[in-house]
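Only one structure is covered here, and it is reproduced in the block below.
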Amino acid sequence: MRIDVKGQRAVLYLNHSDKPALIINDLKLGSNQRGGVGVWLESGTVAYIRELTIRGK
């Protein structure tokens with residue numbers, strides 16, 4: 001998964017695809033927010049994450 005965030009827009013890509021899987025045009029907290037990165041999963045969901053890299057620009 002790759003998430004590109006610029007201003008109030010976030011674009012999510014899966015499995016090295018060039019086509020976005022999800023586009024969010026109005027991030028609710030605005031473009032001036034700073035802080036951590038979190039992953040939320042629905043109750044009962046099983047997820048495996050490997051090779052996670054977080055880069056800032």
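Name the chymotrypsin sites (Phe, Trp or Tyr not before Pro) in the chain that are in a loop by DSSP and that have at most 14 other C-beta atoms within 10 Å, would you? Those satisfying the criteria are 40, 48. Counting only the Cα atoms, the chain fills a convex hull of 121 Å³ per residue.
Every number here is computed from the coordinates shown, using simple stated rules; none is lab data. Every value quoted in this text rests on a predicted model; they were computed, and no experiment measured them. All Cβ positions, even for glycine, are placed from backbone atoms using ideal geometry, and neighbour counts span all protein chains on display.
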